[in-house]
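Okay, structure first, notes after.
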Amino acid sequence: MSYQNGGSSSGGGYQPIESSTGSENGASASPGPNLKKWTIGAVAVVVLGLIGVSMAKPGSSHVAQSGAASSEISANGKMKLFDDLHRYVLEDYDAKPTFASFLPGVAGLYGKPVWSFYVNRGQGVASFGTKTKDFPMLEFNPANKAYQLTPFVGFRTFIKTVRGKRSLDYEPFAPSAARNLESADQEAEAEKPKRIMYVGTNEFEVREINADVGLTTSAKTIVLPEENFAALVRRVNFTNTGSDSLTLSALDGLAQMEPVGGKLDWGLKQMSRTLEGWFGVYHATDDLTMPFYRMSTEPSDEASVKIEEAGHYCLAFVDSEDKKADLLPIVYDTSKIFGQNTPLEVPQAFKVTTVSDIVANPQFGDAKTSSAFAALESVELAPGESITVTTFYGRADHVKEVPKIAKTVTKKGYASAKFERARSLINELTAGVETNTTSKLFDGAIKQMYLDNSLRGGMPHIIGDVDDDAKFSNFDEDERVKVFHAFSRIHGDLERDYNAFLIDDTFYSQGPGNYRDVAQNRREDVTLTPRIGAFNVKMFLSYIQADGYEPLTVEAVVYMITNPNVAATVSGLTTADPKSAETLTNILNGGPFRPGQLFNLIDQLNVTLSVDRESFLDQVVAEAQNIPMAVYGSGYWADHWEYYLDLIDSYLAIYPDGEE
C-alpha cells in the first residue's frame, strides 16, 4: 500500500514527524473583585503542585533511567512541576489519586467547539461530544464511573513490534502495567514503563516510556480551533528509543464510538442494547478511510419518523509537514480487535492476526456499538526515528461533507499548525490579565483563574463597530455598540454531573449559566473591557421582578431587527447577489437571533457575502435591538444583592460620573 514503508524515511512512504514539544526520544493546569481572592487562588495552585510532588513515594522517581528529557529534570534529579511549555507535569499519573478535568471547549469566535473531559487513568479522555452530554461521541459518565471505564472504552493503542528476532504485542498505557507507588519493592516498580501526564491550558498529553521495548508513545489532544466543523484532534507519536531498527504496526483509536441519533444520553444509560438496533457504520467512499457513524432513524415513541442524516466521522493519517497526507483505513468492527473479550480488556483477536489482515477482511458495523481505530500497517523506524498518526473525531451534517473535511485536514502542516493555534488562542484570550512577576507560578495562576471564571460568565466581545464614532464609543454612548459574551456555559463536569451544560457548536459559541455564577464572574468585566459600560448592571437589574423573584438561568443576549426596511437595506449592503440579499432579508425578519445562529443560517441557505464576517456581523447588530434573555425557574437568592453591588462598584470605578 502507498502508506507502507519497508525501510528508512528517505525511501518514501511514511515520513516520520519529529515532535514539536522538545525531545521525543526521552520521557518526558474570575478574577475576583479583590486581591484576597487572587492570592487565595495562587496559593491553591502552589498547594496543588506540592500535593502532586508529595504523592510520589520515595524511590518512585527514576527519571534519569527512564529517559526523561534533561530540560524536564530539576537539580534534585526529579521532574520539574512545569515543562518548557508551562504545562503541569504529573509523573506516574495513573498511579496517583484520581482527578477529573476538562479542555476549555473554546474554538475561537469563528470556530465550532466540542466538549471534552479527561481523567488521570488510561489515556486520559473520558468523554467528548457536541453541544450537551446528550450528543456524545464517547459517552458521558460521572467521575466515579469514568475512573473505571476510561482505560477500556476510551482511547487505546495496540502495537506489534519486531526488533531483530524479538517480536511482541504491546499496549501502552494499559492499566495492568501501571506502577504501584505503595509497593515495598520500588526498584521492581521502576522497571515498569514510566508514564507522565502534561496538563496545558488548552491541551493535555500522556506519555509512556518503555525502556524494555525501546519505544516511547505519546498522545496529545486538543479541541480543533477556528474551523467551520467541530472535532477533537489527537496526535499519537511513536519514537524508537532503542539502539537498532524497529518494525512497528499499530491500531490506535476509540474502543467505543457512539453514533448520531438525537438525544442519546438517557438511552445509552437505560436501554443501550435496544438502541443498538438503530446503530450503523456507513461510508463516504468505497474504502475504509471515511466511516460515518449514525443511527438509521432517531428513536422516539412518536407517529412521525425522522431519518437521521448527520453522523460522526473518524479521519486518520500519518502526519506530514511537506506534502498532503493519505488517509489511513479505520477499523470499526470491535470484534476484529477484541474477539469475544466483551469487557474490552484484552485485544484477543488482534493478538492472533496482523493489522494488514484485519484491514483486508470484511467488517460489520450494523446493530452494534462500533470502534474507531486508525490502522497503521508495517513501518520501520531507525534508532531515534519517530512517526506521528493524527486523527480527527467530529460531527458532520451529512456524509457528503466528510470528503471535504478530509481534504482540509490532510493538507501539509495543517494538524501541527492547529496544535500551535490552540495554544496561542488561549494566550490571546487571556492577554488582558497577563502578569509578569518573579513567580511564574503566580503569573500562571492569574491566567488560569481568569480563563476558568470567564468560562462561567463568558468573555465580553464588542460588536457593532461600523464606523469611527462607534469604535470610540461604549455601550451606553452609542446604541449601535453591542456586547456579546462568548464561551459561557454552566459548570457541568464529571464531578458535577447534575448540571446539564450546553456549549453551542457554532461560531460565537456560548451556553446558558446559573444566574449567580454568571453575575459573580462578570464583576470585573468593565475593568478589563471598559467599552461594555453599564451593560451588565442594566441587564442583571432588569431581571428583578416586582415580587422579588429572579431567573434561575441566564442566557446570552439575542438581537432582533424589527423594521423590515432596515433588514432589506442591511442585506443589500452585505451580500453579493440579489438572491442572497432576499434570503438574508427573510432571515433577519424571521425573529431574534444570536451570531452563531445567524452564521449557521447563511451557510445552510447558501448566502454569499460581499464583506468579511466581522464587517457583516457589525453591520447587522448595529441595526438590531439588544434583548437580554433568561429562564425563570427558581426564586430569590439572598446573595444576589452582593453581586449587584459589586457590578455597580466596578462600573463606578471606571465611570464615576455615571453614578446618577
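The values are calculated or read from the model by the stated rules, or taken from the named source; none is laboratory data. Everything numeric in this text was worked out from a predicted model, so none of it was measured. Positions of Cβ are generated from backbone atoms using ideal geometry, with glycine treated the same way; all protein chains shown enter the neighbour counts. These accessible areas exclude ligands, DNA and RNA; they are computed on the full protein's heavy atoms, side chains included. Shrake-Rupley method; radii C 1.70, N 1.55, O 1.52, S 1.80 Å.
A few notes on this one:
- Residue in segment 499-506 that is buried (at least 20 other Cβ atoms within 10 Å of the Cβ), assigned to a helix (DSSP H, G or I) and aliphatic (A, V, I, L, M) present: no
- Residues in segment 458-484 that are under 15 Å from L528 (Cβ atoms) and more than 19 Å from the chain's Cα centre (by Cα): P460, H461, I462, N474, F475, V483.
- Residue in segment 467-485 that is open to solvent by less than 20 Å² (accessible area, probe 1.4 Å) and basic (K, R) present: yes
- All strands (runs of 3 or more DSSP E) inside segment 208-294 with 3 or more residues being under 30 Å from T506 (Cα atoms), modelled with pLDDT of 95 or more and within 19 Å of the chain's Cα centre (by Cα): 215-223, 231-240, 246-257
- Top-ranked residue in segment 383-417 [being among the acidic types (D, E) and out of contact with any helix residue (DSSP H, G or I) (no Cβ under 8 Å at 6 or more places or on another chain); ranked as surrounded by the fewest Cβ atoms within 10 Å (Cβ to Cβ)]: D397
- Residue check, E380 assigned to a strand (DSSP E or B), open to solvent by 40 Å² or more (accessible area, probe 1.4 Å) and either modelled with pLDDT under 95 or not hydroxyl-bearing (S, T, Y) (or both): yes
- The single condition among (1) at positive phi; (2) open to solvent by 40 Å² or more (accessible area, probe 1.4 Å) that E495 does not satisfy is (1).
- Per-region count, segment 124-166, residues polar (S, T, N, Q) and either in contact with a Leu (Cβ under 7 Å, 6 or more places away or on another chain) or open to solvent by 10 Å² or more (accessible area, probe 1.4 Å) (or both): 6
- First in segment 532-548 and more than 17 Å from M459 (Cβ to Cβ), second anywhere and acidic (D, E) and open to solvent by 70 Å² or more (accessible area, probe 1.4 Å), Cβ under 9 Å, 6 or more apart: none
- Hits in segment 429-457 (condition: of a type in the set (S, T, N, Q) and not in a helix (DSSP H, G or I)): T430, T435, N436, T437, T438, S439
- Hey, I426 of a type outside the set (D, E, K, R), open to solvent by less than 30 Å² (accessible area, probe 1.4 Å) and over 23 Å from R613 (Cα atoms) or not: no
- Residues (in a strand (DSSP E or B) and among the acidic types (D, E)) located in segment 152-185: D169
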